Amino acid sequence: MITSEKNNPNAFTQPEIEAVYKAIYQRRDMRHFLSDPLDDDLLHRLLGAAHTAPSVGFMQPWRFIHIKNRDIRQQLHDIAQQEKDKTAAVLGSKGEDFARLKVEGLLDCGELIAVTLMDKRKRHVFGRRTLPQMDLASASCAIQNIWLAARAEGIGMGWVSIYEPESVRACLKLPADCEVIALLCLGKVEKFYDQPMLIDAGWAERGKLDDYLMVDSWDRKKAARAQQQWQSLEQNQKQHSPERADKISLGRADINSPERANINSSEASVTKPSRTLMVQGTTSDAGKSTLVAALCRILSDQNKKVVPFKPQNMALNSAVTADGGEIGRAQAVQAEAARLAPHTDMNPVLLKPSSDKQAQVIIHGKAVLDLDAVAYHDYKSTAMAAVLESHTRLQAQYDFIMVEGAGSPAEINLRDRDIANMGFAEAVDCPVIIIADIDKGGVFAHLVGTLDLLSESEQNRVIGFVINRFRGDIKLLESGLDWLEQKTGKPVLGVVPYLQGLHIEAEDALTENTQAERSDAMRIVVPALRRISNHTDFDALRLHPQVEFIFVAPGEALPSADLIVLPGSKNVRADMEFLRQQGWDKDIAKHLRYGGKLLGICGGYQMLGVSIDDPDGIEDKPGVTQGLGLLEFNTQLLPGKQLRQVAGTLIDGAMVEGYEIHCGVSTGPALDNPFARLQAADCHYNDGVRSGDDQISGTYIHGLFDHPAALASLLKWACLETVEAVDYRARREQDLQRLADSVAESIDIDQLLSLCDTFTESSLEGK
């Protein structure tokens, strides 16, 4: 009980005083959050408390940036993670423990606020000049205000201060003289920690106030005692590393559970192995990718550390990771579902077909060689080593690994040395569920037949079935489900309904065309080249309400359009010849004569020029192919892919973000009029070309339509006078959540995880 000074007319009432001190003493630096957003009024109150903080000269040097964009959150998380890893590397014996400290709050919390100091601070004079320390002290008061107000409101807050400042500055596009003070994670929590997390983990202790309070001048004895305390604690940490490490790495449920207090140190030092679950399908496009994405999001919503994984992927739709690697597009989408940045370990082997018989082999994100099917079969043992290496790394970092198979495990001709389906499952000894698409018909035959074609050991690791894309009354299916379970002895884990209008980026198959339903709609046409790549570039266009989108199949003429887009290609020279064979070059020329707009992306951009030269036979046989000759530049294909994430502005100033995947280097006078000005890492450069008459554009940027500003700008350029604002990324996030919610309603997740545990326990007993 706090006893206040009597007869002080300025004092609060006794309960008010106690409430203030309660907020102070029970304030905690939180690392575990619920993902629910805060009410606008509540967030405004908290920021208002910060804004009323004392400041030198009443200058209010703080500036708050409310981070709403999920991609920016991910970038900030990655920056913090990288700095944390670098710090751990120089901490010696403490490094391993430090590496376990969590920065996931940046992704998990309801709201993320960056606190920065204002720019042009030296222009503000207080006394002779404004000292940096004055600004910092004022901003710190603002942070403390919001922290205490949040605790009083029952809202958790975490202060993230470990990051590389210049990287954060670039991410948030801050002026040169504007500094980031802290990243504040705000959100609802299950429970506040009983004591500060670092105290609980044995990393720190609160010293006695008397050892930190000096009178009139510096007290060397007290300073020495405080230093001795830290040295003693550090020594104690070295002696009790396993226990401390376990506490630091606890998840939200563990750190707050009453049972946790009863676990002794020997039990606490045991690390539970991660669960690996593999989803295989009866056919291609059965729903493996979407089910893995859904499970990743469901477990992420439960605040579990989950990561997607596909041992081997064959796809022309790819994505670029932050570390400059290339993986399948489906794994990038699954990473988004898991609220992770894509990484090359999520898809260690990627095959990109360049012809009917040959494919480029990409290992851990980098192209290593081109092989035909026979040669790759001999290479599989090397590829499998890369697969197992990545899986081992993921096991050390995540609680759950959700694995996607490829095609079907019942493809007899591919069973030998398999690394994509049961070969992998047997190598890591994980359980498997099999999914089938009832919309294709013959679902029971697909499931029974697939299971029957597996070996006995493979059949034994199948823990159940999932039926996908069901329409109608489930009662009509129940007799079939009963028969299936009796026939196979395997449970049907769930029946997932057909979700009308669901958009999850496709792995390979071209998406359906859209029809114009409005009088103000514009028509966009894309010729379906034989080796078309990254056609997910067009998903944002296909979903736009003002766009009629058409993929034109071989053998068909290009119809009249407002905009023709030449897509990317895995074999640009061959597709250039294919374009001519279809007569599409003549259709394009006619389109331009009538004033239509033309855009080329990556390989399509290269086709706009005079020539495409492949002297080393990188994509095909060595040689030179004439381009459309519409713009004065030439392209040469060189060894080594350009793989990078990019951001910048179009020439009209609209924001654009995306990624580059190409071997070509384009040069010529046409490039004096660029399409965009970009930044990648520490490099600034011009990209692409826009013709002098503003009718033709070319760019190496994939995903350029995904950013709302770039999408609106390009539609206006094409012909659309008034463009409705559409946020494709928000739509993608919405559909991921919709998918996850549907799967969570259709599948008993607890039963699924229990079956996984039972399989693992049985497997261990068998060994």
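Nothing in this text is a laboratory measurement; each read-out follows from the coordinates by a stated rule. These figures come from a predicted structure and were not determined experimentally. Because the Cβ atoms are built from the backbone with ideal geometry, glycine has one as well, and the counts that use them run over all protein chains shown.
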For residue 486 and residue 440, FRET efficiency with R0 = 30 Å and r from the beta-carbon atoms, rounded to 0.05? 0.80
Based on Cα positions only, what radius of gyration and what Dmax would you give for the range 636-767, in angstroms? 22.8, 73
Shape descriptor, the range 553-606: equivalent ellipsoid semi-axes (Cα gyration tensor, sqrt 5λ, whole Å, largest first) stand at 18, 14, 9
How about the range 3-52: which trypsin sites (Lys or Arg not before Pro) there lie in a loop by DSSP and see at most 15 other Cβ atoms within 10 Å? 6
Two pseudo-spin positions, 7 Å from Cα along C-beta at residue 69 and at residue 751, lie apart in nanometres by 4.3
Report the calculated FRET efficiency for residue 18 and residue 137 (r = Cβ-Cβ distance, R0 = 22 Å), to the nearest 0.05. 0.20
Helix axis angle, 40-51 relative to the chain longest principal axis, alpha carbon, degrees: 50
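Show that you can apply the helix-only estimate: for the chain, add -39,500 (n - 2.57) for every DSSP H stretch of four or more residues, divide by all residues, and state [θ] at 222 nm to the nearest 500.
-11000 deg cm²/dmol
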Relative contact order of the chain, pairs being alpha-carbon contacts under 8 Å that are 6 or more residues apart, as %: 9
If I measure Cβ to Cβ between cysteines in the chain, which ones have no partner under 4.7 Å? 141, 171, 178, 296, 430, 602, 663, 683, 719, 756
Return a single number: how many Lys pairs in the range 522-721, at a sequence separation of 8 or more or on separate chains, have alpha-carbon atoms below 27 angstrom apart. 11
Once fully extended, how much extra length lies between residue 417 and residue 393, figured as 0.36 nm per residue of separation less the alpha-carbon to alpha-carbon distance? 6.4 nm
Over what distance in Å are the Cα centres of the range 657-735 and the range 45-69 separated? 36
What label, among (i) 26.4, 79; (ii) 33.6, 100; (iii) 29.4, 97, belongs to Rg and Dmax of the Cα atoms in Å computed from the structure on display? (iii)
The range 351-436: trypsin sites (Lys or Arg not before Pro) in DSSP coil with no more than 15 other Cβ atoms inside 10 Å: 357, 417
With 10 angstrom as the radius, rank 607, 576, 384 by how many other C-beta atoms surround their C-beta, starting from the fewest. 384, 576, 607
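Which order do 632, 761, 336, 548 fall in if you start with the one that has the fewest other Cβ atoms within 10 Å?
Working: 632 14, 761 10, 336 24, 548 20.
So the residues, fewest neighbours to most, are 761, 632, 548, 336.
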Translational D (Stokes-Einstein, µm²/s) of the range 522-721 at 20 °C and 1.002 mPa s when Rh comes from the Kirkwood sum over C-alpha pairs? 129
Of 32, 74, 207, farthest towards positive along the dipole that unit charges on Lys, Arg, Asp, Glu beta carbons give the chain: 207
